[in-house]
Every structure is written in C-alpha cells, then in structure tokens.
Amino acid sequence: MTIFFYHVSLALFPLAFLSAYLGGRRFISASFLPALLGAAFGALCFSAFARSANADTGKIIFDALALLALFALGQIIHFAAVYHGLGVAYPSHAMALLLMMLVLPVLSFPFAPLGSLSSRRNEFEADRFAAAHTHAEDLISALIKLYRSNAASLVNDRWYARWYDSHPNARERIAALRAALKAAKLDAWIAPSADPHLSEYIPEHWQTRRWLSGFDGSVPTLIITAERAELWADSRYWEQAEQQLQGSGIALQKLGFGKTHIDSLADNLAPNSRVGVAADMLSLAAQRQLEAAFAAKNITLHTERDLINDLWQDRPPLPQAPVYLHDPAYISEPTAAKLARVRSAMQEHGAKYHLISSLDDIAWLTNLRGSDVPYNPVFLAFLLIDAQSATLYLDEQKLDPAATAVLAAANITTAPYEAIGAALARLDGHLLLDPAKTAISTLADLPASVTLVEAINPSFLYKSCKNSAELAHTREAMIADGAALCGFFAELEAKLAAGEALTELDIDPLLEKHRSKQPHHISASFGTIAGYNANAALPHYSPSEKNHSRITGDGLLLIDSGGQYQNGTTDITRVIPIGTPSAAQKHDYTLVLKAHIALAQTVFPDGIAAPLLDAICRAPMWQAHCDYGHGTGHGVGYFMNVHEGPQVLSYRAPIHAHSAMKEGMITSNEPGLYRPGQWGIRIENLMANRRVESTQESDFGDYLYFETLTLCPIDTRLIERALLTDAEAQWLNDYHATVRAKLAPRTTGAARQWLEANTQAI
C-alpha cells in the first residue's frame, strides 16, 4: 500500500504541469501542493517500510531530491530569461513543457550513478515481490528476454558501467568470484549449465553461468581460475559467444577438437589444487569423471559450498507455476500402467527403490504438466518409487484438483520438494538411479548401506517410443501447426511486398499470433530463431532489442520455430528469399535440400545406432566438400521437451547401448550450411520411425523407414533444379502434394492462396 501511495503521488506531477498550462501561474501552488503532500506522505510511509525491510533508504532520498527539482523547474518556467537562454523567442506554457523535457536529462545526468547503484542493489527485490504475487513463470520468461537483450551488447568500460548499468557486468561478477575463490582457498570454479535435475533448459534460479558471463546459450560451461576465465562451447555457439563475450575478459574455447574443460583444468592446474563446483549442478557421473581426470595431480573437488549463492544477491526464487493434468483426451496410457512398466524394469535390475530426478521423465510418468522451465511443459519435482507406491516431491500448493486426483488413483502420495533428502536418508536395500541425471546434492544424506544400481531411467526409453495413439495425435498437431504457418508466411510476405519495415524481432510475435489461434495450442516449444543473412549463419541466433537486423534488400531469412500443443510438439525450420537471391545462395540451398531428402528417403535396420545415419544425410554435402557443425537430428517429445533422447543423429555422438533407433521415435531432420558473415541455411522436418510392413526379404531382420510428419511447403524459389536428380524432385513434389491435401481443408483466404502457390510441382 505504501508503494502504491508513493507512485500515485509521482503520477500527479504531470497533472500539475497540465493544470499550470491551462490555468496559468495562479494555479501553480494549488496544483503542486497536493502532489507534494501526497509525495511526502508516500515517502514517509515508504521510508518506514524500507527501514522495516532493511531496504535502501538512499532511493527515498534520491526520489525526494527529484521531487524538489521538479518543483523548482515548475517555478522557473515563468521567467523569460529561461526561454531566451534556450533560444525561444515567444514563451508559452506549451513550450515550457517541451523545454522541460529537453532540460531534465541534462540536470539529472550527474545523479545517474546514484540511480544505477540503487538499481543494482535492489533489482531482485522487485523480482521476488512479483514472483510471490503473480505468476513466476511469466516473470522468468520476461527476465530471460531482457537478459538476452542486455547481454547481446556487453559494454565493460568501468566508468560507463558505473554510470549507466543497472546490473553488475561480467567483469565485476568474475572479479567478485575470484575474491571468493581466494577466500575459500580454491584454485578454480566450474559453472555448468545445470540444475539438480540435470536439465538442458533450466529455471532462472540456476542460471549461474549466464549470470556470471552474460552469455545466454543453453549448454556451455564456464570455468574460472585466478588467471583465466573460459567458456567452453560447441560449434552452435561459437559466433554468438565471440559477440557476447567481447570485453568480458572471458575467452571462448571451442569444443569439438577432442579437448574439454575437464582436460583444460587437469592440464593447467598445479598439483594439489582445489576445484569448486555447486553440488546441485553436478551429476554423480560428472563428479566421477572430474575426479578421475584430477587424480594424477591430486587435484581435489569441493562441493560443500556454492560460492555463487553468496555473491548473487536476491537470487531469483524457485518457479511457482501451477502443475496441471495433461488433457485426458490425449493421454494414451494411464499413470498406473506406466508405473507398472517401470516397476517391471526395477525387478529386472533387482532394485527395491527407484529415484527419478529428470523432469521430463516425471511429467511423462505422472501424466502431469507444468511450466517451471520456459517452453518445456515440466515442473520441479523428484519421484521415489517402490514396489507398491510412489511419492512425488514437489511444491504441493502448485497441484490443481485434477492433478491430485490422478496421483491418488495411481497410489502416488506427495511431499514437499525439499523433503527428498530426508526420504533418501531412510532407505535401505538397492536403489535404481541414472547417474547422469542425479545431482550429488540429492544423494548427500543417502546411507552408505544403500547399494546403487546405476542405469538409464527405464521411463527415458519408454517415452521416446510413441505409441500409435500418440503418433495419431501428433499428426493432428502437425496439421494445426502447418495451417498456422501458411497464415504466417502469407501475412509475412504480404507485409514485405507492401514495403512494410520489418525486423527479425517481428517474426516471433507474428508466428505466435497464428499458432495461438490453433486448437490445443499451449506455447512455443523453444525461443524462435529468426536470422536474416549474416545472422542466419549463427545456428542458435536469437534477435534482441540491441542486436537485430532489418529484413530488407536481397538475402535469405531463416526461421526455426516450434509449438507446444496438448496433442504434440513441433519443430520446423524454413528459409525464404527476400528480394532476389544470388546463384551462390541457390546452390547452397539446393545442397541442403539434397541432404534433407537423402535422410528422409532412408530405410534402415531396426535397432541401428542412430549416429550411423548421420553420414547418409551429409553425403551429398560432403560430395561438394561442404559440412555443418551441429548434429543432423534430435529426438522430440510428445507434448514434452523439444529435445529428447536417447537418439542423436551425429557422427560425433558416442555410440552406446541406448543409441538404437526404435519404432515410434520422433526425430528431426535438419541439415544446414552456414557461411559466416554472409548467410545460413537449414531445412528441418520431424520424422517418425515406422516399421516396413511388406519387406522384399525376410532373412535379414526388421527394417524401419522415416514418415515425415511436418507439413509446410519447402520454398522452391531457391532451388537450382539442375542439381536435383529426378528422384529427388519427385520426392519434393510428392511431399508438396501431401502438404496441400492435408492443409487445404484447414486454410482459407490468403493462407490457402499461399499454400496453393508454394506447393506446385517443379
């Protein structure tokens, strides 16, 4: 209430000036007196609140000075000398208002450091207040977008930062961490991109690597020593990192050449060094990997203290998004049946208990969804299963009645999220867990008498193979998504043809406008990648307010986007020409298309290791001595994470027992070609593994083929027809015929016209 009075009083000042303009000097006192009295009351109340909450009263003083300055300006505007000094020959109240807006920034400039300092000290107080009284997931999404914008152009000049920055920059944060390292007698700190659930995409609370570095890519790891700071990133992030790390003092280290951040620490640290990492960001498997690499030099790993937590004042709280039941119309297997499958696997492993920390596995098993992680319909929880019952550890206030009822029907009880440690402390016997998906902090209180049975979570493999009902629902989601994309591209191209000034920032809102009209739509499945020309050469580029391009002239526009629907998850990339494309651009585009078609037409043995299929896709590009740095394909969930294992189509990926391609898996097909500083091209569809029913041979086992699920035209204006074989052209024509047949009933007007025009045979 005090904050309300305080800000209402500030809002009265424009009204005071307006009344002065309308009524003349005699109304000045009468106009400003209520404003000043209201401000004084608000300031006194707010000051009392600040003292009780241990807040910064300096802000109150600063705002009081601002009020006095405004009052002074209101008085001097009646002196003719003021107008003459500013070059105005004919004074008026209207001109006074304009001049005041011009003069105020000059007068307030010396006080900018005070405002920035206060903001840096109190930034997260507002976050906590908003998260507690509104929806935390919305706040988190907004903060991520703002941070991406700020981090896109890091200015690390010390005096500039102190004058203007409302947040401490990367250099300041790293310097503070180095001081903390020295005080804790540590020689290095590891800041991974992880949380206690070892998720790929993580809540803001655990975004310590991003907080330290300003780099907003999802995967890389930051290491800091007394002498160096290094960000280890794969090829998807190299150009992005070089841009965002400028002036930060952090060196980019490129993964993909055999060496990792673990090797760097093991090679460069002195014998008997001490390395720190937060226990809730380190998996059991990663701990063992670090300890094995450090053993030769007797380098020790220390996880007992999270130094970042000491430095990150007003760290964002854990998300509080509600947990809800997946629409029963699209649940193909009851929770109890899924648990029965898991318990059968537990018996095979000889385990009495099974601990699941991975959020997508928990959401799949319980048939519940949430939004604690942006774009991924999951919620923070642990699940502990025994032979008869199970306990879900989460914030119980987040559950709605329907979700609670489903849990009760499956004999799943609930307990607070923080109680998982105490529950594990009471166990005995054998405990099944995935060491790559379980943080060491979770196991801190586990008795030594408990025997760990380490294996991949059974649910991880179960959910990767969609059943016939889930595939049918996904096909419907693809039709809805395709119809939305027809409307989007039709409107986008109409705006461009009309000469409307568009930027990369306009793409995501326009996509969301059309997708949100489709049935069962929930949200985007990831942050839209919209890159024009040189920006498209960054595979994970994300436009920001400070770093984006206008869509004008001649070039290529790459759009990688997806949607979350109750009946499926989509992920699609298309490239369209802007103006007149060059011959070189058409050549590159056609090479990527040839690679895409090569994989889409592949028939392969059931159970083949997924990484082996990568070479089939790359073969046409390798023939032209071209390549791309990222993988060719990743698994996709069913109204679940857009990145899902175990299948990965990349020749760089390790082959293990769970790399097998199985019927029902959904995988992306997304070859690309990127020319730094010029353009980038990627064509992506999702495909389902389907069994070949009528085989030519019966002596060589079962075979699978890819069913293309994504329905959206592939731009033919960029094709160099002479580079395509007749068989490749036929594949494209057949695909476009299917797209037209499936989407025509769901499109009208401009969207239908665009669909018809872009699915013509070549």
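The values are calculated or read from the model by the stated rules, or taken from the named source; none is laboratory data. All figures in this text were calculated on a predicted structure; none of them were measured in a lab. For neighbour counting, all protein chains shown are included, and Cβ atoms are generated from backbone atoms with ideal geometry for every residue, glycine included.
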Next item on the list: Quick one: in the stretch 180-213, of everything that is of a type in the set (S, T, N, Q) and out of contact with any Leu (no Cβ under 8 Å at 6 or more places or on another chain), which residue is nearest to Leu433 (Cα to Cα)?
Entry: Ser193
Check: If Glu239 satisfies every condition in (1) farther than 30 Å from Pro319 by Cβ; (2) out of contact with any Pro (no Cβ under 7 Å at 6 or more places or on another chain) but one, which is the exception?
Finding: (2)
Next item on the list: Would you mind telling me which numbered condition in (1) surrounded by 21 or more Cβ atoms within 10 Å (Cβ to Cβ); (2) touching a helix residue (DSSP H, G or I) at 6+ places or on another chain (Cβ under 7 Å); (3) under 20 Å from Pro458 (Cα atoms) Leu394 fails?
Entry: (3)
Check: Does Ala270 satisfy the condition of being assigned by TED's automatic domain parsing to the domain that holds Asp187 and in contact with a Lys or Arg (Cβ under 8 Å, 6 or more places away or on another chain)?
Finding: yes
Next item on the list: For the stretch 490-527, name all the residues that are assigned to a strand (DSSP E or B) and small (Gly, Ala, Ser).
Entry: Ser523, Ala524
Check: Tell me, which strands (runs of 3 or more DSSP E) lie completely within the stretch 669-762 with 1 or more residues that are surrounded by fewer than 18 Cβ atoms within 10 Å (Cβ to Cβ)?
Finding: 672-675, 685-691, 703-708
Check: For Ala251, all conditions in the list (1) in contact with a strand residue (DSSP E or B) (Cβ under 7 Å, 6 or more places away or on another chain); (2) closer than 21 Å to Ala194 by Cβ hold save one; what is the number of the exception?
Finding: (2)
Notebook entry, point to check: Looking at (1) aromatic (Phe, Trp, Tyr); (2) over 30 Å from Tyr375 (Cα atoms); (3) not in a loop (DSSP other than H, G, I, E, B), which is the one condition that is false for Phe257?
Noted result: (3)
Check: Of the residues Ala750, Ala727, which single one is over 24 Å from Ala494 (Cα atoms), among the aliphatic types (A, V, I, L, M) and in the same structural domain as Pro577 (by TED's automatic domain parsing)?
Finding: Ala727
Check: Which ones in the stretch 254-268 are surrounded by 18 or more Cβ atoms within 10 Å (Cβ to Cβ) and farther than 15 Å from Pro192 by Cα?
Finding: Ala266
Notebook entry, point to check: Of all residues in the stretch 284-302, which are touching a residue at least 40 places away in the same chain (Cβ under 8 Å) and either aromatic (Phe, Trp, Tyr) or surrounded by fewer than 19 Cβ atoms within 10 Å (Cβ to Cβ) (or both)?
Noted result: Ala285, Gln287, Arg288, His302
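This table checks each residue for (1) in the same structural domain as Asn685 (by TED's automatic domain parsing); (2) within 20 Å of the chain's Cα centre (by Cα); (3) within 23 Å of Ala494 (Cβ to Cβ).
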residue: Phe526; (1), (2), (3): yes, yes, no
residue: Ala530; (1), (2), (3): yes, yes, yes
residue: Pro539; (1), (2), (3): yes, yes, no
residue: Leu558; (1), (2), (3): yes, yes, yes
residue: Gly563; (1), (2), (3): yes, yes, yes
residue: Asn567; (1), (2), (3): yes, no, no
residue: Pro581; (1), (2), (3): yes, no, yes
Check: Taking into account only those residues within the stretch 514-524 that are more than 18 Å from the chain's Cα centre (by Cα) and touching a residue at least 12 places away in the same chain (Cβ under 8 Å), which is nearest to Gly487 (Cα to Cα)?
Finding: His514
Check: Out of the residues in the stretch 305-325 that are surrounded by 19 or more Cβ atoms within 10 Å (Cβ to Cβ) and either in contact with a Ser or Thr (Cβ under 6 Å, 6 or more places away or on another chain) or at positive phi (or both), which is modelled with the lowest pLDDT?
Finding: Ile308
Item checked: Subset tally (residues that are of a type in the set (Asp, Glu) and closer than 26 Å to Ala444 by Cβ) for the stretch 252-281 -> 1
Note to self: Need pairs with beta-carbon distance below 8 Å; first residue in contact (Cβ under 8 Å) with a residue 40 or more places away in the chain and within 16 Å of Thr708 (Cβ to Cβ) and within the stretch 722-734, second in a helix (DSSP H, G or I) and among the basic types (Lys, Arg); sequence gap 6+ or separate chains.
What the structure shows: Glu728/Lys594
Next item on the list: Could you look through the stretch 176-218, keep only residues that are of a type in the set (Lys, Arg) and not in a loop (DSSP other than H, G, I, E, B), and pick out the one that is surrounded by the most Cβ atoms within 10 Å (Cβ to Cβ)?
Entry: Arg209
Check: Is it the case that some residue within the stretch 620-640 is part of a helix (DSSP H, G or I) and buried (at least 18 other Cβ atoms within 10 Å of the Cβ)?
Finding: yes
Check: If you check every pair at least six apart or on different chains, which have Cβ atoms under 8 Å apart with a residue in the stretch 162-182 that is within 12 Å of Leu307 (Cα to Cα) first and a residue that is at pLDDT below 70 second?
Finding: Ala176/Pro168
Next item on the list: Please state which one of Ala363, Ala345 is outside any loop (DSSP other than H, G, I, E, B) and within 25 Å of the chain's Cα centre (by Cα).
Entry: Ala363
